[in-house]
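All remarks here apply to the structure that follows.
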Amino acid sequence: MRVLKKTSFGLMAIILVVLAVGTILQKIDSSAVAAYTSPWFVALWTVMAVSAVAYMLRSRLNRRLPAFAVHASFAVILAGALTSWLTSEHGTLRLKDGAEASAFTLDDGSVAKMPFSLKLQRFEIEYYAGTEAPMDFVSHLSADGVNGTASMNNVFSHRGYRFYQSGYDSEGGSVFTVAHDPMGIGVTYAGYALLLASICWFMMSGKSRFRSLLRKLSAKPLAVVGALMVAMSAQASDLPALPQQQAEEMGNLYVLYGDRICPLQTMAKEFTEKLCGNATFDGLSAEQVLSGWLYYPTDWSKVPMIKIKSAEVRRLLGIDGKYASVRDFFSDVNEYKLEKPLRGIDRFADPQGLREAAEKFDIINRLTTGKSLKIFPLKDAEGKIGWFSQGDDNIPVETDTQEWMFVKMSLSYANELVQTGRWTDLSDFYTKVRKYQRKNGGATLPSDTRFKAEKTYNTVSNARPLAITLMCVGLVAFFSFCLLSARGGRPRRWAVLTLRAIAVAAWLYISVIIVLLWFVSGHIPMSNGYETMLFLAWCAVPIAMLAERRMPLALPMGVLLCGMTTMVAMMGFSNPRMSQLMPVLQSPLLSAHVAVIMVAYALLAFMAMNGIAAFVMRMRNRAATDEITVLKEHSELLLYPAVMLLTIGIFLGAVWANVSWGRYWGWDPKEVWALITMIVYAFAFHRESFPWLWRPMAFHAYMVLAFFSVLFTYFGVNFFLSGMHSYA
């Protein structure tokens, strides 16, 4: 049995190394992903699975049926994957309107025939109203007289072949991912169903380690220190800009921005955040900053407000600090300093920093030349409404002369009013433009309620002061409790109540932001890094409140985690976030997949902080073994739902991928690292195989180190690697 144990866990360790190294090699050479489906790697998985099943039987795990069922479900899933690898076919099919085909191109370049012909009757792109942002790609198909449609997250199936709408080509033809996997998918889905059932069985079983820990642990008091208040003040600016009233009126206009119609205030806010990293600058609101660049470009071109993160780009521009002016982008002979480096960007030391600097310069250039302010709704010959700017050359030819003059000359008139200080007339001008927008915008305009909600969201969404406060309070409370617990002390009741009030107030504030974002965007806000981190911050407080009775450190850890995740979300504010949802993300499985994994990450974070607390207590009092043991039991208790939720989340993502892309596993770096994280934490369940996990400090150390896999899965993959999850 010892040989089986070493073989099973040894091969799993080798697989983990191969998985991790493979994601890094993919960054260097995209063809490295082929290693994951190579015969030697499949053989490695197969031998590991067979050895693990033999070890399960020899160790008599079948006497503990719930645990045996969980392990057996993974064996079924791997059997399904092996069946798919042996029998399935995957490839691509391109069809033009009216064309038909009876074969498709496999991934290896060869051609596979189908026992029928597939005909594309018609392909169409559905757009969000008033924009050129695709909402869906729809293909109307027929095969053997059977009609159907294929669109994003809607599969057309016929005689065991599944056709997934993956896009379209430049000639208007439709591009499909084709999957023929008559056996593997059924086996794999059976494994998923068995896994879900066995997890529920295990968690409810009265003889499981989880239930015994739940019965054993009891509530204990919690320590905390009072809140740290942060006061902020703004000073008046000498920079030229519109008065506050007129700036707000300008922000109340509609504009086509980020492929949707929104308040111009949103564009101003994200314009300012993009340039300097904050929603205000030098005491001016975002609308005033935008108006300054729009009406006083010469004055603002001298202002160092463009944040340059790259040291290489700063040296190229010849600036000492982190902020550059527009003039810094030009040499003494008026040459654009980034032009030559951009042409040879592959040889530049920091290409990403160069792209970011060029992007910031470009958005200023587009604003000052009148190309980005798409505030004029016009109809074409077909009655379709489009939004145009003064600088657009593609204004519909059907536009009458008077309206054409209004579009082309109105901002010049506004500039004249600004230069002469006729603020009342400027207010009247903005009122007339808004009336024109409401008259001609039609169905492309958001409702008044949604428009007002977005303006409210823009006002309250800066949670950076809240994040700083929560981090300070949570950090002081966390370490104070550790020190008190090591000395056998207890916190005062008023301090605990104060911390609870702070946590609830923070949760309510974040709830308002999430609800507004949900209402304005029209979809559950879990489609990018900012939204998922905000959701994780939202989860931290209720989890802490629920765990507080049994886990003494839960509340200060919840406050600290809420503050840290909110700050991480705010750090992403320098780039626009709210946009129309990508067609592939329009699936209810997305919300379930993200929500379940985010809750799992929150629990894993609590376990890591528990480990840190144990080390603090050990340093202060080496005799605090009982307290450290209790912390270990708390972490053990959280480990079960955390890993179970992470596992469910991964396989929900696999089902979503199968519906959207035609395969439930694509070896994307985010998928691979989520799998690595799940396996790393699953090792901690096997105490009989690894007796050292019984020791409290060893267990805490493992939980702290294991959390680095979570951090790399969420942040490392996004910043250092690439893949299909780049939107996350």
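What to note about this one:
- Projected label distance in nm at Trp404 and Ser110, using a 7 Å step from Cα toward the beta-carbon: 6.1
- Taking all Cα pairs closer than 8 Å and separated by 6 or more residues, the relative contact order of the stretch 76-195 comes to 31 percent.
- Cα centroid of the stretch 420-488 to Cα centroid of the stretch 283-317, whole Å: 22
- Between Leu546 and Ser205, the modelled label-to-label distance comes to 2.2 nm, taking each label 7 Å out from Cα in the direction of the beta carbon.
- Rg ratio for the stretch 373-473: its Cα radius of gyration over 2.2 N^0.38 Å, N being its residue count, equals 1.47.
- Amide N of the stretch 275-301 lying under 19 Å from the label point, which is placed 7 angstrom from the Cα of Asp238 along Cα→Cβ: 281-285, 289, 292-293, 296-301
- Under 21 Å from the Cα of Lys96 - lysines, other chains or at least 8 residues apart: Lys113, Lys119
- On Cα atoms only, tilt of 529-547 relative to the major axis of the chain in degrees: 50
- Anisotropy class of the stretch 2-87 from Cα gyration tensor, a/c 1.5 cut: prolate
- Computed from the Cβ-Cβ distance with R0 of 45 Å, the FRET efficiency linking Glu359 to Arg63 stands at 0.15.
- Backbone geometry of the stretch 72-89 corresponds, through the Karplus equation with coefficients 6.51, -1.76 and 1.60 at θ = phi - 60°, to 3J(HN,Hα) couplings of 5, 5, 5, 5, 5, 4, 5, 5, x, 5, 5, 4, 4, 5, 7, 10, 7, 10 Hz, x marking Gly and Pro.
- Net charge, Ile676 excluded, C-beta distance under 15 Å - Lys, Arg +1, Asp, Glu -1: -1
- Seen against the Cα atoms of the chain and their longest principal axis, helix 184-204 is set at about 70 degrees.
- Taking 24 Å as the straight-line reach from the Cα of Lys269, the lysines in range (excluding those fewer than 8 positions away in the same chain) are Lys302, Lys307, Lys309, Lys322, Lys360, Lys371, Lys374, Lys432, Lys435, Lys452, Lys455.
- Tensor-based shape of the stretch 611-652 (alpha-carbon gyration tensor, a/c under 1.5 rounded, otherwise prolate or oblate): prolate
- Under 5 Å from the amide H of Phe376 lie the amide H atoms of Phe388, each residue being 5 or more positions distant or on a separate chain, with H modelled from the backbone and absent for Pro and chain starts.
- Reported to the nearest whole Å, the Cα centre-to-centre distance from the stretch 350-402 to the stretch 137-164 is 37.
- Label-zone membership for the stretch 80-107, site Thr37, 7 angstrom Cα→C-beta point, backbone N under 13 Å: 82, 84-92, 105-107
- For the stretch 244-446, the Kirkwood estimate of hydrodynamic radius, built from reciprocal distances between every pair of different alpha carbons, is 18.4 Å.
- The relative contact order of the chain comes to 13 percent, based on Cα pairs under 8 Å that sit 6 or more residues apart.
- Between the beta carbons of Ala495 and Val18, assuming R0 = 56 Å, the FRET efficiency works out to 0.65 to the nearest 0.05.
- Among the GluC sites (Glu not before Pro) found in the stretch 310-391, those both in a DSSP coil and sparsely packed, with 13 or fewer other Cβ atoms within 10 Å of their Cβ, are Glu335, Glu382.
- Computed on the chain, the Cα convex hull volume stands at 193 Å³ per residue.
- Counting every C-alpha pair in the stretch 94-180, the share spaced more than 17 angstrom apart comes to 45%.
- The mean sequence distance of close C-alpha pairs (under 8 Å, at least 6 residues apart), as a share of the length of the stretch 2-87, puts its relative contact order at 32 percent.
- Using a simple spin-label model with pseudo-atoms 7 Å out from Cα toward Cβ, Arg366 and Asp320 lie 3.4 nm apart.
- Value of [θ]222 nm, deg cm²/dmol, for the chain, DSSP H segments ≥ 4, -39500 (n - 2.57) each, nearest 500: -18500 deg cm²/dmol
Read the figures in this text as sums done on the coordinates, not as results from a lab. The structure presented is a predicted model; accordingly, all values stated were derived computationally and were not measured. Counting neighbours? That spans all protein chains shown, and the Cβs are built from the backbone with ideal geometry, glycine included.
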